[in-house]
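The values are calculated or read from the model by the stated rules, or taken from the named source; none is laboratory data. Keep in mind it's a predicted model, so treat the numbers as computed, not measured. Heads up, the Cβs are rebuilt from the backbone with ideal geometry, glycines too, and the neighbour counts pull from every protein chain shown. The area values use the complete protein model at the heavy-atom level, side chains included, leaving out ligands, DNA and RNA. Shrake-Rupley method; radii C 1.70, N 1.55, O 1.52, S 1.80 Å.
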Amino acid sequence: MPDHIMGGSYKLNKMATSIAKLQSVVPSSFQPLALSYVFNSMVKLAGTAGIRIESLTHTTARVSLQNKKKIQNHIGGLHACSMALAAESATGILIGMNVPDTHLPLIKSMKVDFIRRCEGSINVEASITDDDYKRIHEEDKGEVTVKCTVVDESGKEPIKAE
């Protein structure tokens, strides 16, 4: 399995195993397309919006969302819900690939503050620390707060999500 997905001495769950296999056989330039296709076929709303998985490791997930008409608000920017979807997708896939198969990945809360109008498309990075990674694998409930940064084309954060 590729080192960039493993990152620790814990057994990979089914999702992480599938991702590692995909990353080991698909050329790196095609991995975002392949990962996005698999994710979007399972999470229909993400597919409708056009979520693109840019990269995945055991502690970081990066996704992007293009500003397209079908997910715009009334002033031509990305709709607030589409930005929240991108943030939730990044955090969800990161947690989903780390939670042991014997446990249920479950979002308990999501907080989104709308800071400013979004300019263009967005890039989202969700990350957990090595301590969070360890807690997910060793504690019964393994609760963590996932750091999530959403940046638009101007380089600024239109939303703050956690």
Working only within segment 151-162, note down all residues that are open to solvent by less than 100 Å² (accessible area, probe 1.4 Å) and part of a loop (DSSP other than H, G, I, E, B).
-> 154, 155, 157, 158
Might you check whether a residue that is under 15 Å from the mean Cα position of the chain (by Cα) and within 15 Å of residue 59 (Cα to Cα) occurs anywhere in segment 101-122?
-> no
Residue 64: part of a helix (DSSP H, G or I), open to solvent by less than 70 Å² (accessible area, probe 1.4 Å) and under 22 Å from residue 161 (Cα atoms), yes or no?
-> no
Single unsatisfied condition, residue 19 versus (1) in contact with a His (Cβ under 8 Å, 6 or more places away or on another chain); (2) open to solvent by less than 20 Å² (accessible area, probe 1.4 Å) = (1)
Can you tell which of 156, 108, 160, 147 is out of contact with any helix residue (DSSP H, G or I) (no Cβ under 8 Å at 6 or more places or on another chain), more than 30 Å from residue 75 (Cβ to Cβ) and not polar (S, T, N, Q)?
-> 108
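If only one of 34, 46 is under 13 Å from the mean Cα position of the chain (by Cα), surrounded by 14 or more Cβ atoms within 10 Å (Cβ to Cβ) and small (Gly, Ala, Ser), which one is it?
Values: 34 fails: under 13 Å from the mean Cα position of the chain (by Cα).
Matching residue, one of 34, 46: 46.
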Restricting segment 125-145 to residues that are hydroxyl-bearing (Ser, Thr, Tyr) and surrounded by 15 or more Cβ atoms within 10 Å (Cβ to Cβ), the one farthest from residue 49 (Cα to Cα) turns out to be 133
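From the list 61, 49, 87, pick out the single residue that is more than 25 Å from residue 101 (Cα to Cα), modelled with pLDDT of 95 or more and not hydroxyl-bearing (Ser, Thr, Tyr).
Working: 61 fails: more than 25 Å from residue 101 (Cα to Cα); 87 fails: more than 25 Å from residue 101 (Cα to Cα).
So the residue among 61, 49, 87 that is more than 25 Å from residue 101 (Cα to Cα), modelled with pLDDT of 95 or more and not hydroxyl-bearing (Ser, Thr, Tyr) is 49.
Every residue, every condition in (1) free of Cβ contacts under 8 Å to residues at least 60 places away in the same chain; (2) assigned to a strand (DSSP E or B); (3) open to solvent by less than 20 Å² (accessible area, probe 1.4 Å), yes or no:
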{"position": "76", "(1), (2), (3)": "yes, no, no"}
{"position": "90", "(1), (2), (3)": "yes, no, yes"}
{"position": "105", "(1), (2), (3)": "yes, no, no"}
{"position": "113", "(1), (2), (3)": "yes, yes, no"}
{"position": "118", "(1), (2), (3)": "yes, no, yes"}
{"position": "123", "(1), (2), (3)": "no, yes, no"}
{"position": "149", "(1), (2), (3)": "yes, yes, no"}
